Amino acid sequence: MSRRKVLVPVLLAAIASSLAGQQPKSQSKPAISVSGIFTGRSGKPMARARLVLGSVESDEQWQFSRIKLAERVAAAIADQKGRFQFKGVTPGTYTIIYHPSGATMLLPPQISIRGLSAESRSILPMMRNVEVGKSEPLPERAWGQTFTLLKGQIFWSMGANMKIWNATVRWRQQGPYMEVRKGEIWQDRFDEKTEIKFEAWSY
């Protein structure tokens, strides 16, 4: 075999390696800081509440979803005016789960929200497409096997049955808490310069 035939593959490999090193690397979205204000429905600041970011991950139907906590994002603590800030956030759509009054208990890496798909018998079976509990706050009640709806929740009456419409939901006895709007977990888009307005329905 001639020396030229040996050198050609070696040179081609060197050129390919050099070109590969010049290819631009894919860049992930830069982390951002997002600020907001956390109040109760009455407008009172939810001072000293501990807030944690999560994402709602769905199967084909949202009722089989789960909330997965955001990685590498520190929890935020609301100040006396209810203001909070998340640092190191990748832009995207998130939900917020929380503990009132600065609780610091450990949270699981993900929370199943399958129980929120449940429906129950309506307390106003003759009414259809009506918000139940809007004029008179409903008492705290169990919902499924792992959730409790706090006082003041609203249901959507569908005739014989009703479902959660607007409510603060406590996961298990100790929490954490999450917010439901129009039958789905509260979510918002987090981008640079976004001002998050987060409200605890039952407070």
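Brief remarks follow.
- Given (1) assigned to a loop (DSSP other than H, G, I, E, B); (2) touching a Lys or Arg at 6+ places or on another chain (Cβ under 9 Å), number of the condition S157 does not satisfy: (1)
- Members of segment 169-201 that are on the phi > 0 side of the Ramachandran plot and among the charged types (D, E, K, R): R172, K182, K193
- Criterion applied to L138, L149, L116 was being modelled with pLDDT under 85 and of a type outside the set (G, A, S), and the one residue passing it is L116.
- Within segment 177-189, not a single residue is farther than 24 Å from G40 by Cβ and assigned to a loop (DSSP other than H, G, I, E, B).
The values are calculated or read from the model by the stated rules, or taken from the named source; none is laboratory data. What you are looking at is a predicted structure, and each value in this text was computed from that prediction instead of being measured. Here Cβ is always computed from backbone atoms with ideal geometry, including for glycine, and neighbour counts include all displayed protein chains.
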